[in-house]
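What follows is a set of notes on a single structure, which appears directly below.
The values are calculated or read from the model by the stated rules, or taken from the named source; none is laboratory data. The shown structure was predicted, so the numbers you read here are calculated from the model rather than taken from an experiment. Please note: Cβ atoms are built from the backbone with ideal geometry, for glycine as well, and neighbour counts cover all protein chains shown.
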Amino acid sequence: MARIRLILDSRKKSKSVHTGLYPIVIKIFHKKARMIRLPYSTSISGWDSNNMKLRKSAVVNKDLDCDLINREIGNKLNLARKLVIELGDTLDEISVDTVVENIKKKWDREIDSELRRNLSNETTVNEWGEVLIKRKNKIKKPGTAKWYRDSITALSKFNGEKPVKFNQITVSFLQEFEAEHLAKGNSKNGISAYLRAIRAIYNSAIKEDVYEPVKNPFVSYRIPSTKRNKKKALTKEKILAIRNLQYEMGSNKWHIKNYFLSMFNCRGMNLIDLAKLRVKNIVGDRIHYGRSKTGDPLSVKITEELDEILKYYLLDKSPDDFIFPIGYDGTPENFTKYRSDRRLVNKLLKIIADDAGIEERMTSYYIRHSWATIAKHLGITTEIISEGLGHSSLRTTEIYLKDFDSEVLDDANDLVVS
């Protein structure tokens, strides 16, 4: 094992003819001795050889920032010793000169890292956020882009309407942000959404070498857990009630009912994915599409009910035409129109629910939960339901069905005790 120490090179030939001082050096002994001169000098009385540092009390050192210099040379010593440990058995195969060369390289990398850290300290969440927002819009994810923008706006507002530098974000900063929003009466779900977006932007900056943190605050800070809303699912009987409603062909409610049934027949398809469907997505007796949320490809067999609905919407259309009038191409420019259409759909779904005698204030998201819940009631495994919904994680599906589990137990108990 190589031996490394900080020493004062007190050899006569090393003494400066101008100042009369000796250089501080890193001495490495590995088969042979070598020294790496550091940019600091002192007298023999100004050097503490036992503790390997400058003596603050020495007159010769009175104009020096001894604390700073001792930290710097101590850091170089630690890096050199760390390198020796990292080399391990390789040391036996290399010369002392190679060891010295690699120590200097390690120091240079540390300097580059420090410089990069100092430069990145000026980078703001707002600046990097704009880069990510443009990316999301470019790949037709305007919803995520809006989520990022809203979160950055909330963060800047908390910072006195000023951009937030990455190095400002500490555990204390995040706790203060959370406390201020709670004091305003904002929900934990909303606060969590803001902070999850900020965490995504922060981690992206680290991953792409935009920012180099001393410590990532999101390792220690816990984002408030979201409170799940009451399960938004309809029973199969309520789905049938909607199916039996009669509306005038071509009316708004007639179209919205068709959207509802189409999404239900497509295993709880999201409204945005229904809006993006084009005629060319239909191949044979199947619909092939990619989930907007994850990009995962899905394939759904066209049921008899869906086939009857599609006959109307496919009439005289070309492969590139949207299947449904709510057509959305996924671009940021048309995202505002899609959101307006979505509000109209949800408004009419509430009216349709009233017409069917359903008390729930139904939205398009009920369809997805309803499909999953009905499937579970029918004894279909969680794994198959997860696959059907296009979830990348079984845990996501389990969250969907968490409330349902207690209902199954209640029903089972009624059967047992009755």
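Each residue in region 282-313 was checked for being among the charged types (D, E, K, R), within 18 Å of residue 328 (Cα to Cα) and free of Cβ contacts under 8 Å to residues at least 60 places away in the same chain, and 1 pass.
Could you count how many residues in region 377-388 are of a type outside the set (Val, Ile, Thr), over 15 Å from residue 264 (Cβ atoms) and surrounded by 13 or more Cβ atoms within 10 Å (Cβ to Cβ)? Looking only at that region, the number is 2. Selection of region 183-198 for residues being small (Gly, Ala, Ser) and either under 23 Å from residue 145 (Cβ atoms) or part of a helix (DSSP H, G or I) (or both) yields 183, 187, 190, 192, 193, 197.
Residue-wise test of (1) under 25 Å from residue 105 (Cβ atoms); (2) of a type in the set (D, E, K, R); (3) in contact with a Lys or Arg (Cβ under 9 Å, 6 or more places away or on another chain).
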position	(1), (2), (3)
3	yes, yes, yes
18	no, no, no
35	yes, no, yes
40	yes, no, no
43	no, no, no
57	no, no, no
71	yes, yes, no
74	yes, no, yes
80	yes, no, yes
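Scanning region 355-385 for residues that are assigned to a helix (DSSP H, G or I) and of a type in the set (Lys, Arg) yields 368, 376. Restricted to region 97-143, and to residues there that are more than 30 Å from residue 329 (Cα to Cα) and not in a helix (DSSP H, G or I), the residue that is modelled with the highest pLDDT is 124.
The set of residues in region 26-78 that are closer than 19 Å to residue 97 by Cβ and either of a type in the set (S, T, N, Q) or part of a strand (DSSP E or B) (or both) comprises 26, 27, 28, 29, 30, 32, 33, 34, 35, 36, 37, 38. Within region 51-64, does at least one residue satisfy the condition of being among the acidic types (Asp, Glu) and surrounded by 12 or more Cβ atoms within 10 Å (Cβ to Cβ)? No. Looking only at region 7-25, decide whether some residue is in contact (Cβ under 8 Å) with a residue 60 or more places away in the chain, basic (Lys, Arg), surrounded by fewer than 17 Cβ atoms within 10 Å (Cβ to Cβ) and under 25 Å from residue 96 (Cα atoms). So far as region 7-25 goes, no, none of its residues is in contact (Cβ under 8 Å) with a residue 60 or more places away in the chain, basic (Lys, Arg), surrounded by fewer than 17 Cβ atoms within 10 Å (Cβ to Cβ) and under 25 Å from residue 96 (Cα atoms). Considering region 221-247, and only residues there that are part of a loop (DSSP other than H, G, I, E, B) and of a type in the set (Val, Ile, Thr), the residue that is modelled with the lowest pLDDT turns out to be 226. Filtering 250, 268 for residues that are on the phi > 0 side of the Ramachandran plot, surrounded by 13 or more Cβ atoms within 10 Å (Cβ to Cβ) and outside any helix (DSSP H, G or I) leaves a single hit, 268. If you check 205, 241 for being of a type in the set (Gly, Ala, Ser), farther than 20 Å from residue 348 by Cα and touching a residue at least 12 places away in the same chain (Cβ under 8 Å), only one passes: 205. The listed residues are 326, 309, 374, and the only one of them that is of a type in the set (A, V, I, L, M, F, W, C), more than 34 Å from the chain's Cα centre (by Cα) and outside the structural domain of residue 133 (by TED's automatic domain parsing) turns out to be 309. Please name all residue pairs, on different chains or six or more residues apart, with Cβ atoms under 6 Å, provided the first residue is in region 353-376 and is free of Cβ contacts under 8 Å to residues at least 60 places away in the same chain and the second residue is surrounded by fewer than 23 Cβ atoms within 10 Å (Cβ to Cβ) and of a type in the set (Phe, Trp, Tyr). So the pair list comes out as 376/404. The residues of region 166-179 that are surrounded by 14 or more Cβ atoms within 10 Å (Cβ to Cβ) and in a helix (DSSP H, G or I), listed by number, are 166, 167, 168, 171, 173, 174, 177, 178. Among the residues examined, residue 333 does not qualify as at pLDDT below 90, in a loop (DSSP other than H, G, I, E, B) and either surrounded by 12 or more Cβ atoms within 10 Å (Cβ to Cβ) or within 36 Å of the chain's Cα centre (by Cα) (or both).
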